[in-house]
Amino acid sequence: MAAKKHKFKTETQKLLDLVIHSLYSHPDIFLREIISNASDACDRLRLQMLSDKSLKNEKSDFKIKIIRDEKSNTLTISDNGLGMNEEELLNNLGTIARSGTKNFLESLKQKKDNPEQIELIGQFGVGFYSSFMVSSRVIVETRKAGEEESFRWESDGSGSFTIDKIDKKTRGTDIIIHLKDEFKKYLEDYEIKSIVKKYSDYIEYPVLMDVEKYIPKKDDEKEPKKEIEEETLNSQKAIWTRSPKEVKEDEYKEFYKQLTHDYTDHYAKIHYRVEGVTEYTALLFIPAKAPFDLMFAAEKFKGIHLYVKRIFIMDDAEALMPRYLRFVKGVLDSSDLPLNVSREILQQDKLLAKIKTNLVKKVLDTLAQKKEKDKDKYLDFFKELGGILKEGLASDFENQKKIMELLLFESTSTKPGEYVSLDEYVKNMPSDQKEIYYITGESRAEVENSPHLEAFNKKKFEVLYLTDSIDELISQHMNEYEGKKIKSVLKGDLDLSSTEEEKESNKKALSEKQDSFKGLLELIQKKLDENVKEVRLSNRLVSSPACLVTDEFGMSSSMERLMKSMNQNVPKTKRIFELNPDHSIIKLLNELYVKDRKKTDDYIVLLYNQALIAEGGKLDNPDKFSGIFSNVMEENIKTLIK
Ligand code: ADP
């Protein structure tokens, strides 16, 4: 039978080109990837053998062998794992089955020439395709366990591949790599041994290789004899089964990189064993950088690899980590779960729920310790992943306090790039400040000159800047900390008085002023009725004439913008228009009102629009505003040159 020729799917070819051209500085990883695939294939067969009766005669002597041929310049990685049938071969090595590839390639395009590109590709798990970095041709010979037919896949990585029927006697897969001349070093003992030791030491199955050994010559022999001996190159000891005391920091680092494809070292590590009624071992890592798969929130997240008695079960057990900690990676090995455990059982399993609670606690406690120990380093982590962590405020009510302790914010008291925690905020509160305040918005630049902050600045009350895109959503779940209410400066009827007397006298003064402004307030209400639900005087402002606020339970303007940006239908929320009775513009406007109320119309429009501009909002009717603004300017200039 002639070999069938197939074209790579466009995105596969793109990925292939990218891998070859971006990862050239890390050629070693091809071996790690191929060995990791071989080990996965053994894992999968071992698991299937537990439930599939037709596989009962298969032997479980799993192993991976590296075979070198200096004559043909080939390196073969042979496994006796599950293997692939024709369809699988076509799908697995011709397309990229993984969802999100398109998104992934898009994100790379935007980041052209970005040094982070390599990290991204690495995290994506280039897998099999990395073999093309070092080879001119790759051949895959494979036979699926329990099946008769076997196949050869072959490609030079430039556009197409062929699939052919062959007669392979044993189950499993051989990856035959024709090394390019400049990569002949991968035939050398030392080179292979050190790569396997570095990247694949913990692989559970033996990674074997024939090595030449010299036997010391005996007296009657002229030359020492050479003998070929099969050597196991890896220690096969799953790192998590060892005592934390025994494992070196470098070993953790390598294991983390192998597990996650991350190029950067992890930020924190948690390794512990629980014995007693429930028994399990956990080895968790908190990354320093946001992993690539976090960028596509809709996608399933892979975090914790679940093992049962050292047998790999699945790597996307969502039942083990809540969504808001989806950046945590690692291994959970339990002795109490059945081997044939399914996803559905996992979701309901009481024992697992307990384990999960414990894992979450460990992660949050570890982060708290790290923050305590080195705030600058923690800040780096927080900038990368704090946005995800915050999601927990809306979903994990039990740990809300702990999550809050981990938050950091810029504020009216910090320089750009400096952050405070809620604890520090509370510690710094002046004695007459009773509540915690924050302002939401899109950026520090947008909020820091907001008129809403004036009264707070005057009293030297610190206000937190909540300017992360998720802050608006989570702020609704931040109600109090250390017994102190947490309030938005954009909402409600704020009163910063420290004593009841002060509060009363402020109220009284305001209501007295209210009488003299009554007519003007009513007129403004009438003119702006479509947009505002109330016009009132307030103590909130110092140097600005007016601002817009939301009532205590209403939707703030930045929330409204956020919802709109997510294509949500949001009803228009009418807000409260607050005027500063001590501001000269408001006083003058009131005088004008008394003198000739008809002349106030334009100024009311300007006043309202100016309040919208000050909070970074969009004008309802920019044409009208700029028309009036131009007229006023003209008038003003005329009086100046008179
Ligand atoms: P990944 O391993 O990240 O899924 P790869 O490109 O390395 O991506 O491999 C694609 C698929 O090809 C694997 O998911 C697996 O189904 C199949 N595959 C690769 N190597 C082997 C192997 N040695 N034995 C069986 N299947 C394999």
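The values are calculated or read from the model by the stated rules, or taken from the named source; none is laboratory data. None of these values were measured; they are calculated from a predicted model. Glycine gets a Cβ as well: all are built from the backbone with ideal geometry, and neighbour counts include every protein chain shown. Calculation scope for accessible area: heavy atoms of the full protein, side chains included, ligands and nucleic acids excluded. Shrake-Rupley method; radii C 1.70, N 1.55, O 1.52, S 1.80 Å.
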Please compare each pair in LYS383/LYS487; LYS491/LYS513; LYS248/LYS362; LYS460/LYS487; LYS484/LYS533; LYS253/LYS329 to a cut-off of 18 Å on the Cα-Cα distance and tell me which ones are over it. LYS383/LYS487; LYS491/LYS513; LYS248/LYS362; LYS484/LYS533
Debye, to nearest 20: dipole size of the chain, +1 on Lys, Arg Cβ, -1 on Asp, Glu Cβ: 660
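Please go through the range 186-242 and write out the GluC sites (Glu not before Pro) that DSSP classes as loop and that have at most 12 other C-beta atoms within 10 Å.
GLU188, GLU221
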Whose amide H sits under 5 Å from the amide H of GLY492, counting only residues 5 or more places off or on another chain, with H placed in the peptide plane? THR550, ASP551, GLU552
Please report the base-10 log of the normalised intensity I(q)/I(0) for the range 509-641, using a Debye sum with one equal scatterer per alpha carbon and no solvent, at each q in 0.09, 0.11, 0.15, 0.17 (1/Å). -0.29, -0.43, -0.78, -0.98
For the range 407-488, what is the percent of antiparallel DSSP beta bridges, rounded to the nearest 5? 45
Quick one: ranking ASP262, ASP468, ASP376 by accessible area, 1.4 Å probe, largest first, what do you get? ASP376, ASP468, ASP262
Please report, ordered by residue number, every helix of the chain (full DSSP H runs) that is 27 Å or longer along its axis going by C-alpha atoms and whose mean Kyte-Doolittle hydropathy reaches 0.0. 29-51
If the chain between LYS518 and ASN621 were fully extended at 0.36 nm per residue, the gain over the current Cα-Cα distance would be 34.4 nm
How big, in percent, is the set of alpha carbon pairs in the range 169-253 lying more than 22 Å apart? 49
Å³ per residue enclosed by the Cα convex hull of the range 208-332: 176
Shape category assigned to the range 17-79 from the gyration tensor of Cα positions, a/c cut at 1.5: oblate
Reachable aspartates and glutamates from LYS184, Cα under 15 Å, same-chain residues fewer than 8 places away excluded? ASP28, ASP69, GLU70
Label-point gap, in nm, between LYS362 and ILE228 - each point 7 angstrom along Cα→Cβ: 4.5
Taking R0 as 30 Å, what's the FRET efficiency between LYS533 and LYS434 from their Cβ-Cβ distance, rounded to 0.05? 0.60
Once you have the Cα-Cα distance between LYS373 and LYS642, take 0.36 nm times their residue separation minus that, and quote the gain in nm to one decimal. 90.1 nm
Taking K and R as +1 and D and E as -1, what net charge do the other residues with C-beta under 9 Å from the C-beta of VAL542 add up to? 0
Which ³J(HN,Hα) values in Hz, rounded to whole numbers, follow from the phi angles of the range 270-280 under the Karplus curve 6.51 cos²θ - 1.76 cosθ + 1.60, where θ = phi - 60° and Gly and Pro get x? 10, 9, 8, 10, 10, 10, x, 4, 10, 10, 7
Could you check the spin-label model distance between VAL632 and ARG597? Points 7 Å from the Cα along Cα→Cβ, value in nm. 2.1
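Accessible area per residue, 1.4 Å probe, Å², for the chain: what's the number?
51
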Stretch ASP380-SER469 to full length: gain in nm at 0.36 nm per residue minus the Cα-Cα span? 30.2 nm
Extend 7 Å from the Cα of LEU510 along its Cα-to-C-beta direction; within the range 574-593, residues with backbone N under 14 Å of that point are 576-582
What residues qualify as long-range amide H neighbours of ARG137, i.e. H under 5 Å apart, gap of 5 or more or another chain, H built at 1.01 Å from N? HIS178
ILE345-PHE397 FRET efficiency (beta carbon distance; Förster radius 25 Å; 0.05 resolution): 0.45
Roughly what % antiparallel, to the nearest 5, for the DSSP beta bridges in the chain? 75
For the pair GLN525 and LYS213, the simple spin-label estimate (label points 7 Å beyond Cα toward Cβ) gives in nm 9.7
Relative to the compact globular guide of 2.2 N^0.38 Å, what is the alpha carbon radius of gyration of the chain, as a ratio? 1.31
